[in-house]
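Undergrad: Mind looking over this structure? Questions follow.
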Amino acid sequence: MSILSGGRARREPSKVPYYVVLILLALFALGPLLVLAFNSLKSDAEIGRNPLGPPLSPVFENFSNAWVQGNFATTMLNSTILTVGTIVGVCVIAGTAAYAMSRLDLPGTDAVLLYLFVASAIPFQIFLVPLFFLWSILQLTNTLFGLIVIYWAVFSPLATLLLRSYLVALPRDFEDAARIDGASELQVLLRVVLPLSWPGFLTIALVSGIATWNEFLFAVTFIQDNNLKPIITSFWAFRSNFSTDWGLTSAAGIIVILPIIVLFLILQRRFISGLTAGGLKG
Amino acid sequence: MEAREPQVRDTPEPRAAPKRGPGDALRRRRRLVAWAFMIPLIVVNVLVILGPSVATIYYSFTEWSGIGPAEFVGLENYGDLLADGDFWIAMWHNVIWTIFFLTVPIAMGLLGAFLLSQITRFQLVFRLVYFVPYVVASVVNAAVWQNILDPSRGIGSVLAQVGIPFLDGVSFFGSERLALPSVAFVNNWAWWGFVVLLFLTALQSVDRELYEAARVDGAGRWQQFLNVTLPGIRPTFVFVILLTIINSLLAFDYIYIITQGGPAGASEVVATLMYKEAFERFEAGYAAAMGLGLSFISGLIVLVFIYLRRRGWEI
């Protein structure tokens, strides 16, 4: 068998064409972001002469101008509050629910699972309008907390499914030992399961964190106050106000995506496995 | 909490207790604890998703502005919907959108994943690069492409300077003919890399020995692809198709961000139309009927998928 395949392997075609196509695809993926980076470093005059190429005389004022005019000190703080609040809430909500489903023999687990599958793929169209009405009555529109609660609900079904499958795969020996030693369920969860399952929590934190940072629809619908807008919808308004000033808007765009890109480069493997697993569970 | 310790200790393996008595009570308590742990999830889901979803069903039978009382009008909204030309045009745009996303990104995803599975050097770098656009915020991605495809300063004018004039002055997002495919193109830029990774994960889990066996049997590359690769990645393939159809039916972000459905409704899809009915024209009852209709269709597709999955995966 190995001799046979070895003989065949020698006739395999060269990999050069593979790499050529892969590099073309890579250029397609990165090219537009390069243009964004280039333009963020150009003056107005230079963009007129050279709209897409690399900057010949780079200037950095665009970033400070965009930071001030785009109100980024405020909106970045808003987005940070939204993201941290969402992550903490989703971890608590999904953590307790996944624990109940994987460890406490929750009666009706199958029905809950079905609901979670449906809810994690539910179209916003089905609940957006009455939700807006309800939030107006509760005076939760134009509040960061109101938006965070929406994110909790929208992101927790998928997070619960991910975390549950992680917990199901985790051995139960330590917990049973702790229970026999008389620990309460809450103690078992906090002292035994949590320390063992942090990779699962990190994954759902990443998945819901990036989803929150980048979220557009709920943010644009529920927050109109400029001082409460998250970075995404604020950038959107900024971009339409300064649509001809490419240097300024490109620098603003870089500011918007930089935190995510940096985080992505640091935690790339977990990012990719988390997000693709999230997709696969959908 | 501490006071209960000895009591629990006296009952070894409470989960295994088969008889009536203290074990039963413990199990009941355990169930209560289990449901107590579900409370946060239940509360937010009922408040945000479940409750409003049920309310949508009611409001779809009413004339309602989105604020204040709603007037019951029976099936009027649904009748209007069926007769609404804009709705059917938007629906048709969703169909075009779906066809685009069922072909272009899936072809690119299969190609990228296949090539990546054949190499070892730099595979991680390519995976990383392909994935970057997926984490870029939609508003920034849209802004980048609005610059690149700008009629007077974008790629068309740059190409014209080097003697390729046919894209010069073309307004990709401003022309009725090009708006929808242009927005789809931009959305695809952020999407296809994700499909590559889904397919790559699936390809890597196909048993190598099956290829070996196929080769020994004299199967060529194409036959290997048809008889080993495709069956091996079928679950992922079906999943990607489902995900694509659902996402396409509900497509909203890129269209609303770039064109808001324009020019003159040329890139309007049902989701953007519904959004406008609810929040710009204050026809919330009508919007509810539209949203429900759309959700009904996507729910139907999921059911078909589940049915096929049950059949297909058992065979």
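Undergrad: Out of A:Ala178, A:Ala153, which single residue is closer than 22 Å to B:Ala271 by Cα and part of a helix (DSSP H, G or I)?
TA: That would be A:Ala153, the only listed residue that is closer than 22 Å to B:Ala271 by Cα and part of a helix (DSSP H, G or I).
Undergrad: State yes or no: is B:Val48 β-branched (Val, Ile, Thr), within 10 Å of another protein chain (Cβ to nearest Cβ) and farther than 14 Å from A:Leu106 by Cα?
TA: Against the criterion (β-branched (Val, Ile, Thr), within 10 Å of another protein chain (Cβ to nearest Cβ) and farther than 14 Å from A:Leu106 by Cα), B:Val48 qualifies.
Undergrad: Another question, then. Please return the ranges of helices (runs of 4 or more DSSP H) entirely within region A:12-78 where 2 or more residues are in contact with a strand residue (DSSP E or B) (Cβ under 9 Å, 6 or more places away or on another chain), closer than 17 Å to B:Ala143 by Cβ and not assigned by TED's automatic domain parsing to the domain that holds A:Asp245.
TA: Per the criteria, no element qualifies.
Undergrad: Kindly list the number of the only condition in (1) part of a loop (DSSP other than H, G, I, E, B); (2) farther than 21 Å from A:Thr83 by Cα; (3) more than 10 Å from every other protein chain (Cβ to nearest Cβ) that fails for A:Asn142.
TA: (2)
Undergrad: Now, a different point. Tell me whether region B:62-72 contains one or more residues that are closer than 26 Å to B:Ser182 by Cβ, acidic (Asp, Glu) and away from chain A (no Cβ under 11 Å).
TA: Looking through region B:62-72, none of the residues is closer than 26 Å to B:Ser182 by Cβ, acidic (Asp, Glu) and away from chain A (no Cβ under 11 Å).
Conditions tested, residue by residue: (1) closer than 20 Å to A:Thr233 by Cβ; (2) out of contact with any helix residue (DSSP H, G or I) (no Cβ under 6 Å at 6 or more places or on another chain); (3) at the interface with chain A (Cβ under 8 Å from one of its Cβ atoms).
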{"position": "B:Leu124", "(1), (2), (3)": "no, yes, no"}
{"position": "B:Ala137", "(1), (2), (3)": "yes, no, yes"}
{"position": "B:Val140", "(1), (2), (3)": "yes, no, yes"}
{"position": "B:Trp145", "(1), (2), (3)": "yes, no, yes"}
{"position": "B:Val158", "(1), (2), (3)": "no, yes, yes"}
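Undergrad: What are the residues in region B:242-268 that are farther than 19 Å from B:Val144 by Cα and under 15 Å from the mean Cα position of the chain (by Cα), if any?
TA: B:Leu242, B:Leu243, B:Thr244, B:Ile245, B:Ile246, B:Asn247, B:Ser248, B:Leu249, B:Leu250, B:Ala251 - these are the residues of region B:242-268 that are farther than 19 Å from B:Val144 by Cα and under 15 Å from the mean Cα position of the chain (by Cα).
Undergrad: Just to be sure I understand, how many residues within region B:233-275 are of a type in the set (D, E, K, R) and within 12 Å of chain A (Cβ to nearest Cβ)?
TA: So the answer is 1.
Conditions (1) surrounded by fewer than 20 Cβ atoms within 10 Å (Cβ to Cβ); (2) in contact (Cβ under 8 Å) with a residue 40 or more places away in the chain, marked per residue:
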site	(1), (2)
B:Gln224	yes, no
B:Asn227	yes, no
B:Val238	yes, yes
B:Tyr256	no, no
B:Ala266	yes, yes
B:Glu277	no, no
B:Arg281	yes, no
B:Met290	no, yes
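Undergrad: Select, from B:Ser175, B:Ser205, B:Ser182, B:Ser171, the only residue that is more than 19 Å from the chain's Cα centre (by Cα), surrounded by fewer than 21 Cβ atoms within 10 Å (Cβ to Cβ) and under 24 Å from A:Leu22 (Cα atoms).
TA: B:Ser205
Undergrad: For region A:13-33, which residues satisfy the criterion of being more than 10 Å from chain B (Cβ to nearest Cβ) and at pLDDT 95 or above?
TA: Listed by number, the list holds a single entry, A:Leu24.
Undergrad: Which of the following residues is over 26 Å from A:Ala211 (Cβ atoms) and either touching a strand residue (DSSP E or B) at 6+ places or on another chain (Cβ under 7 Å) or more than 12 Å from every other protein chain (Cβ to nearest Cβ) (or both): B:Ile164, B:Ile106?
TA: After applying the criteria, what remains is B:Ile164.
The values are calculated or read from the model by the stated rules, or taken from the named source; none is laboratory data. Keep in mind it's a predicted model, so treat the numbers as computed, not measured. All Cβ positions, even for glycine, are placed from backbone atoms using ideal geometry, and neighbour counts span all protein chains on display.
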